[in-house]
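Undergrad: Sharing a structure below in structure tokens format, with a few things to ask.
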Amino acid sequence: MSSENRVTINGEAHPLPDDPRVSLLDMLRHNLGLTGTKKGCDHGQCGACTVMVNGVRINSCLTLAVMHDGDEVTTIEGLGTAEEPSALQQAFVDHDAYQCGYCTPGQICSATAMLEEIANGWPSDASENLDGTMKPSAEEIRERMSGNICRCGAYANILAAITEVASGEPA
């Protein structure tokens, strides 16, 4: 890879790895030290590695880093800080929407992008209609978050945290 091939991660440009076999997940964790994104199953089935690429959520274990030349990647580290967490990060803390915390970064990245999907009117299998305003109902949120597994079973609290942010009111 030439040094011209770059990906922007959390607002900072980085060269793509020379090895075209490196997954985006491994680039984030091993090359850049961004360990918030977790390696769970490494088969795209658990969602622990969820990040946003150009605003769309993906499983970073299933994509090669070199495929993202010119893309904008947002990881959990790019959403907020301990001093200034994003609304979803704060809601996860307020609702105790984690136990071991391993899936939490992927859950929050997925939920951030999911709320944008709803705001943009993208339907899901649980949507009442295919066009018009989408409502962040419990069924809609559950369906859209079904690719993110929590082995501890904190789903009720995760739903409460997302619902609070989606509604703009405490759940």
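The values are calculated or read from the model by the stated rules, or taken from the named source; none is laboratory data. For clarity, every value in this text was computed on a predicted model and none was experimentally measured. When we count neighbours, we look across all protein chains shown, and the Cβ atoms used for this are built from the backbone with ideal geometry, even at glycine.
A quick yes/no check of all residues on (1) under 12 Å from the mean Cα position of the chain (by Cα); (2) of a type in the set (A, V, I, L, M, F, W, C):
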{"position": "P105", "(1), (2)": "yes, no"}
{"position": "C109", "(1), (2)": "yes, yes"}
{"position": "N120", "(1), (2)": "no, no"}
{"position": "S127", "(1), (2)": "no, no"}
{"position": "R142", "(1), (2)": "no, no"}
{"position": "G147", "(1), (2)": "yes, no"}
{"position": "G153", "(1), (2)": "no, no"}
{"position": "N157", "(1), (2)": "no, no"}
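Undergrad: Which of the residues belonging to segment 2-39 are surrounded by 15 or more Cβ atoms within 10 Å (Cβ to Cβ) and modelled with pLDDT under 95?
TA: N5 - this is the single residue of segment 2-39 that is surrounded by 15 or more Cβ atoms within 10 Å (Cβ to Cβ) and modelled with pLDDT under 95.
Undergrad: For C150, state whether it is touching a strand residue (DSSP E or B) at 6+ places or on another chain (Cβ under 7 Å), hydrophobic (A, V, I, L, M, F, W, C), surrounded by 16 or more Cβ atoms within 10 Å (Cβ to Cβ) and not assigned by TED's automatic domain parsing to the domain that holds G55.
TA: no
Undergrad: Which count do you get for residues in segment 137-158 that are closer than 15 Å to A113 by Cα, without any contact (Cβ under 8 Å) to a residue 40 or more places away in the chain and touching a Lys or Arg at 6+ places or on another chain (Cβ under 9 Å)?
TA: Qualifying residue count, segment 137-158: 0.
Undergrad: Name the residue, out of G55, G80, G101, G44, that is touching a helix residue (DSSP H, G or I) at 6+ places or on another chain (Cβ under 8 Å) and loosely packed, with under 15 Cβ neighbours inside 10 Å.
TA: After applying the criteria, what remains is G55.
Undergrad: Just one of the numbered conditions (1) more than 18 Å from Q107 (Cα to Cα); (2) touching a residue at least 60 places away in the same chain (Cβ under 8 Å) is not true of K38; which one?
TA: (1)
Undergrad: I'd like the full set of residues that are under 17 Å from I76 (Cα atoms) and of a type in the set (D, E), limited to segment 15-40.
TA: Correct list: D26 only.
Undergrad: I would also like to ask the following. Any residue that is part of a loop (DSSP other than H, G, I, E, B), modelled with pLDDT under 95 and over 18 Å from the mean Cα position of the chain (by Cα) - is there at least one of those in segment 66-78?
TA: The answer is no, given that none of the residues of segment 66-78 is part of a loop (DSSP other than H, G, I, E, B), modelled with pLDDT under 95 and over 18 Å from the mean Cα position of the chain (by Cα).
Undergrad: Taking segment 79-94 as the region of interest, how many residues are in contact with a Leu (Cβ under 9 Å, 6 or more places away or on another chain) and either charged (D, E, K, R) or touching a residue at least 24 places away in the same chain (Cβ under 8 Å) (or both)?
TA: Residues in segment 79-94 being in contact with a Leu (Cβ under 9 Å, 6 or more places away or on another chain) and either charged (D, E, K, R) or touching a residue at least 24 places away in the same chain (Cβ under 8 Å) (or both): 3 in total.
Undergrad: Can you name every residue in segment 3-33 that is over 13 Å from G70 (Cβ atoms), assigned to a loop (DSSP other than H, G, I, E, B) and free of Cβ contacts under 8 Å to residues at least 60 places away in the same chain?
TA: S3, P17, D18, D19, P20, R21, V22, L32, G33
Undergrad: Does N129 satisfy being surrounded by 14 or more Cβ atoms within 10 Å (Cβ to Cβ) and assigned to a loop (DSSP other than H, G, I, E, B)?
TA: In short, no.
Undergrad: Looking for whichever is of a type in the set (V, I, T) and in a loop (DSSP other than H, G, I, E, B) here; the options are I141, I108, I158, I149. Which one fits?
TA: On inspection, the qualifying residue turns out to be I149.
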